[in-house]
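Undergrad: Here you go, one structure.
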Ligand code: C2O
Ligand code: CU
């Protein structure tokens, strides 16, 4: 992928170390979690985003293929990753208003597609096989072409046999720039992903287990950040740097924070928020968080950690280098430009309930010619479905014969979705093609913010609101991929 205009890659500079349980944990002595900021960061209005100037076209080729990668170390067996390029991670950088032209070449042994997660693009470009496009068979290609409507930190991934394809590494990062009125001194990617590897052979372990699928999901055996074990990144000392954290794991929910530096959340799922202090933010699979960090003094370190463990697990170390700036002043990151999203009209919105539950019942559907198909038997590798939305289940591999939509929305109307998690597990719930406002919860205190994925904690009820302004069939599902694969998926129509 290197050398292709608009693409850059993150290489592997260091080995991964053992399983999750053996990752060294920081000594917490002297470390301040959720440090008190020197400045309370009073809420600030977000400056309006300027119109894009001189948009260009970004052309990229994504060649999905198996490529051996020595994730476990240079002298250890390679693992058969599926990637979009020669480097394990493909990163596309463009600007809002640019046209992205991406050719997907499929050299995998099975069909695939590219879903552009979080992007409000036309339905035909959404990359869901059978629902928005024919699957791209082995040896074939598909051309995606759309204008990038929003700035922010996004990613892309396949949408069929996702548990295997993403489990083997198939995903890339899309950064849409142009949202920072005041440039940051550095822009650091922090991509979290676990791997299910047999540490002797380097081969992948089963991506889906019944025991995992029916509960919190099957966890990886090895954790990584940017395909390495907790890498160290050098950043300009004493300056404000931007860290784009992406949870691209299929299972793990991380609770991210920064130790030994002042840090503030500046965007959620790519959407600007008035900067607020980062203590810890729970990120389910698919969720992104942009964080401003005051870089440490020369030679000193700050650490991005996961607090969702007995002891904080280090994910990335930021080490200050170079001269301290003269009088850096209080930590007070400027807000990013305001999102350019349609504001839902809450007085006139229609409320629709969605209940996320477990189920033991398989679903049958009618084909257009009047036949009846048992989805789990005909279309799914699993004989069981474990999850449902509004009592309707839908195995991931069953895209070919979609059940009826969960809801039919009227184009241009505002909706409030009342999401109810009646299970004892967490579910990061994602809606395609729209960005919604997370309004309120019966359990978790979060600022109102825009998102494309919201984490429902056990028994939580959350209200989200949006304008259904994008016509088409839009998937609505849990992003713990085993849950998606075993029933917790449906779609809504907008017409
Ligand atoms: Cu990243 Cu259907 O999702
Ligand atoms: Cu789930």
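Undergrad: Output the number of the condition that residue 485 fails; it satisfies all remaining conditions of (1) surrounded by 17 or more Cβ atoms within 10 Å (Cβ to Cβ); (2) away from ligand 2 (no atom under 16 Å from the Cβ).
TA: The number of the failed condition is (2).
Undergrad: Mind listing whichever residues of the range 175-224 are in a loop (DSSP other than H, G, I, E, B) and within 16 Å of ligand 2 (Cβ to nearest atom)?
TA: Passing the criteria: 207, 208, 209, 214, 215, 216, 217, 218, 219.
Undergrad: Would you check if there is a residue in the range 461-470 being within 16 Å of ligand 1 (Cβ to nearest atom), closer than 30 Å to residue 207 by Cα, touching a strand residue (DSSP E or B) at 6+ places or on another chain (Cβ under 7 Å) and in contact (Cβ under 8 Å) with a residue 40 or more places away in the chain?
TA: No, because not a single residue in the range 461-470 is within 16 Å of ligand 1 (Cβ to nearest atom), closer than 30 Å to residue 207 by Cα, touching a strand residue (DSSP E or B) at 6+ places or on another chain (Cβ under 7 Å) and in contact (Cβ under 8 Å) with a residue 40 or more places away in the chain.
Undergrad: Let me ask something else about it. If residue 435 satisfies every condition in (1) modelled with pLDDT of 80 or more; (2) in contact with a strand residue (DSSP E or B) (Cβ under 8 Å, 6 or more places away or on another chain); (3) surrounded by fewer than 19 Cβ atoms within 10 Å (Cβ to Cβ) but one, which is the exception?
TA: Residue 435 satisfies all of (1) modelled with pLDDT of 80 or more; (2) in contact with a strand residue (DSSP E or B) (Cβ under 8 Å, 6 or more places away or on another chain); (3) surrounded by fewer than 19 Cβ atoms within 10 Å (Cβ to Cβ) except (3).
Undergrad: Surrounded by fewer than 24 Cβ atoms within 10 Å (Cβ to Cβ) and in a loop (DSSP other than H, G, I, E, B) - does that describe any residue in the range 286-296?
TA: Yes, because at least one residue in the range 286-296 is surrounded by fewer than 24 Cβ atoms within 10 Å (Cβ to Cβ) and in a loop (DSSP other than H, G, I, E, B).
Undergrad: Take residue 446 and tell me if it is closer than 30 Å to residue 220 by Cβ and either away from ligand 2 (no atom under 11 Å from the Cβ) or in contact (Cβ under 8 Å) with a residue 40 or more places away in the chain (or both).
TA: Taking the combined requirement at face value, the residue satisfies it.
Undergrad: Enumerate the pairs (first residue in the range 237-261 and at positive phi; second residue anywhere and part of a loop (DSSP other than H, G, I, E, B)) with beta-carbon separation below 7 Å, excluding pairs fewer than 6 apart on the same chain, so at least 6 apart or on different chains.
TA: Going by the 7 Å Cβ cut-off, the qualifying pairs are 238/295; 238/297; 238/324; 238/325; 238/328; 260/31; 260/32; 260/296.
Undergrad: Conditions: (1) touching a residue at least 40 places away in the same chain (Cβ under 8 Å); (2) more than 15 Å from the chain's Cα centre (by Cα); (3) in a loop (DSSP other than H, G, I, E, B). Residue 139 meets all but one. Number of the miss?
TA: (1)
Every residue, every condition in (1) over 24 Å from residue 435 (Cβ atoms); (2) surrounded by 18 or more Cβ atoms within 10 Å (Cβ to Cβ); (3) out of contact with any strand residue (DSSP E or B) (no Cβ under 7 Å at 6 or more places or on another chain), yes or no:
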site	(1), (2), (3)
202	yes, yes, no
205	yes, no, no
220	yes, yes, no
247	no, yes, no
268	no, yes, no
273	no, yes, no
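Undergrad: Do the conditions hold for residue 114, that is, is it within 15 Å of residue 83 (Cα to Cα), assigned by TED's automatic domain parsing to the domain that holds residue 53, surrounded by 23 or more Cβ atoms within 10 Å (Cβ to Cβ) and within 12 Å of ligand 1 (Cβ to nearest atom)?
TA: Values: within 15 Å of residue 83 (Cα to Cα): yes; assigned by TED's automatic domain parsing to the domain that holds residue 53: yes; surrounded by 23 or more Cβ atoms within 10 Å (Cβ to Cβ): yes; within 12 Å of ligand 1 (Cβ to nearest atom): yes.
When the stated conditions are applied, residue 114 passes them.
The values are calculated or read from the model by the stated rules, or taken from the named source; none is laboratory data. Everything quoted here is computed from the prediction, not taken from an experiment. Note: ideal-geometry Cβ built from the backbone for every residue, glycine included; neighbour counts use all protein chains shown.
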